[in-house]
Every structure is written in structure tokens, then in C-alpha cells.
Amino acid sequence: MGSIYTSVASGAIFPLHEHLKSHDSVARRKDLEKTQYLPREQILALRNERLKRFLMDIGTHVPYYRDLFREQGFDPAAYRGLEDLQRLPFLTKPLIRENVDKLRADDSGPVTRYNTGGSSGEPLIFYIGKARKSHDVAAKWRATRWWGVDIGDPEIVLWGSPIELGAQDRVKALRDRLLRSWLLPAFEMSDDKVRAMLAQIRKVRPKMLFGYPSALAHLAERARLWQIPLNDLGIKVAFVTSEMLYDHQKQSISEIFGCPVANGYGARDAGFIAHQCPHGSLHISAEDIVVETVAPDGSPVPPGVPGEIVVTHMATRDFPFVRYKTGDVGVLANKPCSCGIKLPVLAEVQGRTTDFITGADGTVIHALALIYTVRDLPGVQRFKIVQHSIERTEVLVVADERFGEHERQRIRSDFAARLGASVQVDISSVSEIPPEKSGKTRYVVSHVKP
């Protein structure tokens with residue numbers, strides 16, 4: 001699968017790292033690699049058993065679900081199948097915001113606080129425990145190995161989250177070097193920065209890439225324009241996630257980097273839900289995750305029919321996500337994949353997209369650079385950023401009384417630093433933000449082409 005060093009990194013260095021963090025991701029990955037080949041009926045039976053234990057656990061230790069189960073007359077000990085789960089109401093972002101303390105288990109271990117704006121632009125605070133982190137690492141690791149690469153193979157990560165980019169302390173820097181992983185910020189992509197990134201990729205000669213599809217496609221198109229070869233480096237696969245993968249992006253990435261593109265579907269709140277295999281199917285991590293698709297009225301829709309994706313993640317007992325409405329639209333597959341992996345398939349994901357915006361000096365900036373500023377400000381409930389022109393950007397905000405002049409000034413100063421001091425930034429308080437024709441709320445719209 002890889003070099004001797006890769007074997008050492010995957011078999012010793014990373015397991016030691018996870019052990020020191022009290023994560024059981026190594027054992028979890030080994031289990032997942034066994035269960036993925038079980039007959040579908042056995043996988044679903046295993047999921048049912050785990051789901052029953054999970055519901056009994058949170059019904060005992062999570063105040064929100066203790067109260068909800070009592071109010072609904074729901075007995076998790078009597079759980080038999082998906083129809084029973086569907087008796088429970090959906091979990092939504094507003095409900096999480098209203099019950100953030102009650103959603104935490106009374107016996108939870110150490111948890112990490114996270115913020116996310118989500119595709120709807122609604123800021124959300126939630127917590128993740130060690131079991132959830134271990135599962136997400138294991139699920140991603142399993143999918144990585146489907147493509148003949150492993151932890152320890154040289155990797156370039158093009159990412160934009162401040163959670164990752166802000167954690168570049170000495171310990172993490174040492175870990176990344178030992179695991180041969182290089183993190184490049186996807187926030188600012190001026191031509192100079194892109195040239196430096198392309199030079200770094202040529203120097204590292206990675207076996208895999210990981211990042212936003214829009215960011216990797218932008219690098220690919222600049223490399224094409226500047227005639228910088230990248231298809232001679234031996235890259236085996238480009239993993240993309242967090243955005244819609246469009247056909248033109250997939251083509252650019254594949255052609256320029258000389259490798260297949262593996263899509264993934266998930267989010268920081270809902271977890272890593274599905275990963276693409278070399279045969280092209282998005283396999284759901286069904287051992288620990290239940291994916292439903294529902295109509296606007298909340299009723300289930302059958303495979304082959306688009307519906308809103310609803311997720312129950314059984315590794316979230318410290319802060320449970322049960323029937324969580326993601327806001328994304330997807331289609332469950334009717335047929336299994338021919339690759340031999342028996343996990344159910346998500347045939348299509350519709351929705352999420354993140355745009356680039358352009359600064360006054362022509363610098364191409366990832367939209368997340370502006371999103372992170374607005375979404376975490378006190379009082380912000382919804383927002384939408386509209387770049388009308390190079391000279392003017394508008395921020396629409398639905399907010400409560402905590403959002404005042406200080407917060408407005410924070411937006412102006414941060415946007416000036418990103419877009420340029422000459423750019424006019426208009427901030428408008430509104431009572432609502434109408435959705436797009438698709439029914440989804442886009443949090444960034446740019447009318448300026450990079």
C-alpha cells in the first residue's frame with residue numbers, strides 16, 4: 001500500500017498519537033474494515049442493536065432526551081427498527097441553540113466546543129466528545145485506505161477552518177511532519193500565494209490531496225494557465241469535501257493533478273457521513289450513522305426520490321445528534337455498489353456550495369474567510385454576504401439586541417483586511433433573509449468573477 005515509512009506511521013506513530021489522546025480510532029477502524037463486507041442485512045441488524053443501546057443511554061444520561069422520551073411516551077428499551085426512530089421529532093439548529101446545556105450528557109467525558117454556521121448561515125454551538133472524534137477519524141481513515149493510500153503517505157491539505165489553522169503549535173507541527181501532512185490555508189488565494197502552493201506541492205510530491213473542491217479546482221486552473229505540470233508527481237487521489245463537487249471542478253482537478261477525485265459528504269456538526277469508493281459510490285458509514293431522507297412535511301421519502309438529509313449519529317452520546325436536519329437535499333440509492341463493500345449508498349447530494357470572492361487588488365479569497373467573522377459574533381442568528389462588485393459588499397444580518405456597533409465595526413475591520421480598505425461594506429439589519437429559489441439559504445453570493 002505504501003512505503004516502509006508509511007507502514008510505521010500508520011501502524012505505530014499515529015496509533016501512539018491516538019492512544020495519548022485516549023481515542024480508540026485504531027480499533028474502530030479495524031472494526032469498520034470488517035463490518036463493511038458483511039451482508040447488508042447484518043450491517044443493518046448491527047446498526048439496530050447499536051441504535052437501541054444508544055437511545056437507552058441518552059434516555060438515561062441526557063436531560064433533553066430524558067424529558068423528550070417521557071413526553072413522547074417513547075421507550076428506547078422497546079426499540080425494534082427505523083419506524084420507531086421515526087416517531088421522534090427532528091433535531092434542528094434552533095432546538096440545539098435553545099437546549100445546548102440540556103443536550104450534554106450528565107456523565108459526559110471531556111468535550112470540545114465547536115462553532116459552525118452551517119449552510120443556512122445560522123451560527124451553532126455544540127460539543128463533541130472523544131467517541132465521536134474517534135469514529136470520524138476511523139471512518140475517514142477507512143475511506144482513505146479504499147484508494148490505496150494510508151496515514152503516513154505524503155499529503156497536502158488545503159483547508160480553511162480556524163480550528164485547524166489556529167492549532168499550529170509545536171506538538172501539532174511535529175505530528176504533521178512525522179505523518180508527512182502539510183496544511184495550506186485556503187482563505188487567501190492570490191496569484192502569489194497560489195504559485196507558492198503549487199511550488200510546495202511539486203516539492204512535497206504528495207500521494208494524496210485533501211481540501212475544498214473549489215480551492216483545489218482553483219489551484220488546478222491556475223496551474224493550467226501558468227503551464228505548471230502537476231500530473232507527473234504520482235498523486236493517487238484527491239479527497240474533496242465540505243462543498244458541492246461540480247463536474248467542471250472534478251474534471252479540472254483530475255486532469256491537472258493526474259488523479260481520480262474522491263468526494264465525501266459530511267459536516268462538523270453532523271459528522272463524516274459518506275465517502276466515495278473507487279467505483280464511484282458514496283458509501284454511508286452505516287455502522288454508526290443512520291441517514292433518512294424526508295419530504296418538506298417530514299414524512300420519509302423512498303430511495304431514488306430527493307429529500308432533506310436527516311442524520312442520527314450513534315457516536316455522539318456526550319452531545320447527541322438524533323434525527324438532525326442537515327438542511328441538505330440528497331437521494332438514497334436503490335442498488336448496492338459493485339465494489340464489494342456492502343454499506344448503503346447515498347446516490348446524490350444536492351445543495352451546499354461555497355463561493356470565492358475577490359478583493360480590491362484582485363486577490364481571490366475563500367468565502368469562509370468572511371463567513372467565520374460574521375457567524376461567531378454575539379446576537380447573529382442568520383446572515384448573508386453579497387459581493388455586488390469589487391467596490392461594494394453587503395452584509396445582511398438577522399440579529400438580536402446583542403448585535404451592536406462594536407460587532408458592526410468588527411465586520412468592517414475584518415472585511416477591510418480581507419477585501420481592501422477602499423471597499424464599501426454595507427451592513428443591513430433585516431427581519432428575515434429569503435431563501436434562494438432552490439429553497440436553501442446561500443450565505444455568500446458573489447457577482448464578481450475571479
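The values are calculated or read from the model by the stated rules, or taken from the named source; none is laboratory data. Computed from a predicted structure; not experimentally measured. Cβ sites come from the backbone with ideal geometry, for glycine too, and all protein chains shown count toward neighbours. Note: accessible area is taken over every heavy atom of the protein model, side chains too, but ligands, DNA and RNA are not part of it. Shrake-Rupley method; radii C 1.70, N 1.55, O 1.52, S 1.80 Å.
First check a/c for segment 54-111, with a ≥ b ≥ c the square roots of the eigenvalues of its C-alpha gyration tensor; if it is under 1.5, answer rounded, and if not, answer prolate when a/b is larger than b/c or oblate otherwise.
It comes out oblate by the Cα gyration axes.
Test of understanding: in a Gaussian network model of the chain with alpha carbons linked when under 10 Å, which of Pro320, Pro229, Pro344 would top the mean-square fluctuation ranking?
In the Gaussian network model the winner is Pro229.
Checking the a/c ratio against 1.5 first, then a/b against b/c, what shape does the Cα gyration tensor give for segment 36-153?
In terms of gyration-tensor shape, oblate.
Please work out whether segment 169-321 counts as rounded, prolate or oblate from its C-alpha gyration tensor, where a ≥ b ≥ c are the square roots of the eigenvalues and a/c under 1.5 means rounded, while otherwise a/b larger than b/c means prolate and anything else oblate?
prolate
Quick check for you: with a 1.4 Å probe and neighbouring chains kept, what is the accessible area per residue of the chain, in Å²?
43
If the chain between Thr60 and Asp31 were fully stretched, how many nm would it gain, using 0.36 nm times the residue separation less the Cα-Cα distance?
7.8 nm
With all protein chains present, how much of the accessible area of the chain (probe radius 1.4 Å) comes from carbon and sulfur, to the nearest whole percent? Present the calculation step by step, with values, prior to reporting the outcome.
Details: 10180 of 19570 Å².
Here carbon and sulfur together make up 52 percent of the probe-accessible area.
Could you check the simple spin-label distance between Tyr114 and Asp192, using points 7 Å along Cα→Cβ, in nm with one decimal?
Label-label distance for Tyr114 and Asp192, simple model: 3.5 nm.
Anyone know which of Gly266, Gly330, Gly211 comes out most mobile in the 10 Å Cα GNM of the chain?
Looking only at Gly266, Gly330, Gly211, the biggest GNM fluctuation is shown by Gly266.
If I histogram all Cα-Cα distances within segment 321-415 using bins 5 Å wide from 0, what percent of pairs lands in each bin?
2, 9, 16, 16, 13, 12, 9, 8, 7, 5, 2, 0
In nm, to one decimal, how far is the Asp426 label point from the Cys339 one, both placed 7 Å along Cα→Cβ?
4.8
Where the centroid of each part is defined by its Cα atoms, how far is segment 274-346 from segment 32-47 in Å?
Using only Cα atoms, the two centres lie 15 Å from each other.
What is the spin-label model distance, in nm, from Trp226 to Leu38 if the labels are put 7 Å beyond Cα along the C-beta direction?
Result for the modelled spin labels: 5.0 nm.
Which semi-axes, in whole Å and largest first, does the equivalent ellipsoid of the chain have when worked out from the alpha carbon gyration tensor as the square roots of 5 times its eigenvalues?
So the three semi-axes of the chain are 33, 30, 21 Å.
Do me a favour and compute the ellipsoid semi-axes for segment 1-74 from its Cα gyration tensor, root of five times each eigenvalue, largest one first, whole Å.
Details: eigenvalues 259, 73, 8 Å².
One finds semi-axes of 36, 19, 6 Å for segment 1-74.
Can you compute the FRET efficiency between Ala78 and Arg50 using 1/(1 + (r/R0)^6), with r the Cβ-Cβ distance and R0 = 25 Å? Round to the nearest 0.05. Numbers along the way, then the final one.
Details: r = 16 Å, r/R0 = 0.65.
Efficiency at R0 = 25 Å is approximately 0.95.
Highest GNM mean-square fluctuation, the chain, Cα pairs closer than 10 Å: which of Gln72, Gln350, Gln387?
Result for the chain, Cα springs under 10 Å: Gln72 fluctuates most.
Please state the equivalent ellipsoid semi-axes for segment 260-400: what are the square roots of 5 times the Cα gyration tensor eigenvalues, largest first, in whole Å?
Taking √(5λ) for each eigenvalue gives 33, 20, 14 Å, largest first.
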